[in-house]
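Report on the structure given below.
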Amino acid sequence: MTIKTHTRREFLASVVASGATGLSGMSAFATSGTAARGSEPARLIPYGSAVRAGALATDMAYRQAIVANCDIIVPEGEMKWPDLHPARNKFDFEKADALVDFARQHKIEIRGHTLAWYGGMPDWTNEIASRADAEEELVGHIETVVSRYRGDIPSWDVVNEPLIDWPEDANSLRPSIWTRQLGPDYIPIALKTTARVDPTTRLVLNEYDIEYKGDRFAARRKALIQLLRSLRDRDVPLHAVGLQSHLFGDRALDRDALQAFLREIAALKLDVLITELDVIDYEFPADIGERDARVAAIARDYLEAVFEVVHPKALLTWGLTDRYTWVPTWFKRADGLPNRPLPLDAGLKPKPLFDVIEGFRRKFA
Ligand code: G3I
């Protein structure tokens, strides 16, 4: 396929050379901190986005925006079971391979998402009828997928969303084919298998809904810490916690509890990644200026709380542009207006959220 006109590096160089501060000179890359120490350029916290292979293949402006802005990409669906493993004895790597090639071509890092999840499983997995079968399928899937991309994927969301909505403790795991047949053992099995197959990849446990005030969120933080501690106590390999960071305007950030939670993660010697940041705006005012300002303010408050305690190894949003976002699938606006949860608008112009993210990356570089 013939595509893009410049590489990310060239784009960034041209931005610096021209003194422009944003995507295609449209704005942004605003900084609130010092990006350079002496003559050495500072190493910013890597920014990345979830991507869609189909859109990358057909929408050249989107493709160019990804190349221009992302140090990291993560497939939104192409490395999940339904895409990779559509039938029991069938793997399909076409779309995942295309993304790995795209990342290599543009010297962008690619994260893997995800190996052990309750959600979005292909129908055939309902046929898994015994513990031995389940272990064979889970281990076999990880061996096949992780070995194929060994050396290409330096970080995997091995375990995604293990906890139920309102957990009592670390064993309150979401019902899935894995918990049905393997119980809580599915987590160490997945982590150990990934580590065995690619000893160099970083193993991430990815979770959501841990940042707010209220008993449910407190229960989630507590259960997650218990789970992480029990993995550590059993010498199960794990390098990082992914904070998905799907943020909501109608919830109150529990700054103190979030920071205490992050200190506990740091005490467990685990890294933190922000893996799926977006701001769900379905109940915000229609006015675009007001809405974008609220989205940016919510992200700013959250990132400030996080960055005061830990410096995430990476900061990814779940999509780069409002043109392609999962949000309306679940959180459509009552007024019918399109959602605006991401750093670039549907026309690929940077929004205030973009500047907020860029500011944190620079301030804490
Ligand atoms: O690919 C099929 C297509 O063949 C079919 O015709 C079409 C009809 O509905 O569905 C297509 O699959 C959809 C898939 O996205 C690809 O577009 C699924 O129905 C749909 O459920 C799936 O949604 C994804 C969801 O995870 C479930 O896998 C979202 O795009 C994706 O943004 C979302 O991502 C999750 C993260 O993995 C974990 N954290 C939360 C985040 C947001 O929900």
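The values are calculated or read from the model by the stated rules, or taken from the named source; none is laboratory data. Keep in mind that what you see is a predicted model, and the values were worked out from it rather than measured. Cβ coordinates were reconstructed from backbone atoms using ideal geometry, including for glycine residues, and neighbour counts include every protein chain displayed.
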More than 21 Å from GLY120 (Cα to Cα), within 16 Å of the ligand (Cβ to nearest atom) and touching a residue at least 40 places away in the same chain (Cβ under 8 Å) - does that describe any residue in region 193-211?
-> yes
Which number in (1) touching a helix residue (DSSP H, G or I) at 6+ places or on another chain (Cβ under 7 Å); (2) crowded, with 19+ Cβ neighbours inside 10 Å; (3) of a type outside the set (D, E, K, R) marks the one condition that ALA314 misses?
-> (1)
So, in region 94-117, of the ones that are within 15 Å of the ligand (Cβ to nearest atom) and among the basic types (Lys, Arg), which residue ends up nearest to TYR47 (Cα to Cα)?
-> ARG111
Quickly run through region 163-179 and pick out the residues that are surrounded by fewer than 20 Cβ atoms within 10 Å (Cβ to Cβ) and either without any contact (Cβ under 8 Å) to a residue 40 or more places away in the chain or within 20 Å of the chain's Cα centre (by Cα) (or both).
-> ILE164, ASP165, ASN171, ARG174
All positions within region 193-226 that are not charged (D, E, K, R) and not in a helix (DSSP H, G or I) | PRO199, THR200, THR201, LEU203, VAL204, LEU205, ASN206, TYR208, ILE210, TYR212, GLY214
May I ask you to list the residues in region 339-354 that are surrounded by 15 or more Cβ atoms within 10 Å (Cβ to Cβ) and in a loop (DSSP other than H, G, I, E, B)?
-> ASN339, ARG340, PRO341, LEU342, PRO343, ASP345, LEU348, LYS349, LYS351
Selection from region 324-337 of residues within 16 Å of the ligand (Cβ to nearest atom) and either surrounded by 23 or more Cβ atoms within 10 Å (Cβ to Cβ) or farther than 24 Å from ARG361 by Cα (or both) yields THR325, TRP326, VAL327, PRO328, THR329, TRP330, PHE331, LYS332
How many residues are buried (at least 22 other Cβ atoms within 10 Å of the Cβ), more than 10 Å from the ligand (Cβ to nearest atom) and in a loop (DSSP other than H, G, I, E, B) if we restrict to region 59-78?
-> 1
Taking into account only those residues within region 170-192 that are under 21 Å from GLU143 (Cβ atoms) and small (Gly, Ala, Ser), which is nearest to the ligand (Cβ to nearest atom)?
-> SER176
Apart from one, (1) under 28 Å from GLU78 (Cβ atoms); (2) away from the ligand (no atom under 14 Å from the Cβ); (3) of a type in the set (Val, Ile, Thr) all hold for THR317; the odd one out is (2)
Would you check if ARG229 is assigned to a helix (DSSP H, G or I), within 28 Å of LEU203 (Cβ to Cβ) and within 16 Å of the ligand (Cβ to nearest atom)?
-> no
Which of the residues spanning region 39-58 are of a type outside the set (A, V, I, L, M, F, W, C) and within 11 Å of the ligand (Cβ to nearest atom)?
-> ARG52, GLY54
Quick one: which of LYS213, LYS192 is over 29 Å from ARG150 (Cα atoms), modelled with pLDDT of 95 or more and surrounded by fewer than 20 Cβ atoms within 10 Å (Cβ to Cβ)?
-> LYS213
Members of region 271-291 that are surrounded by fewer than 20 Cβ atoms within 10 Å (Cβ to Cβ) and either out of contact with any strand residue (DSSP E or B) (no Cβ under 8 Å at 6 or more places or on another chain) or assigned to a loop (DSSP other than H, G, I, E, B) (or both) = TYR282, GLU283, PRO285, ALA286, ASP287, ILE288, GLY289, GLU290
Could you look through region 119-162, keep only residues that are within 16 Å of the ligand (Cβ to nearest atom) and of a type in the set (Asp, Glu), and pick out the one that is surrounded by the most Cβ atoms within 10 Å (Cβ to Cβ)?
-> ASP157
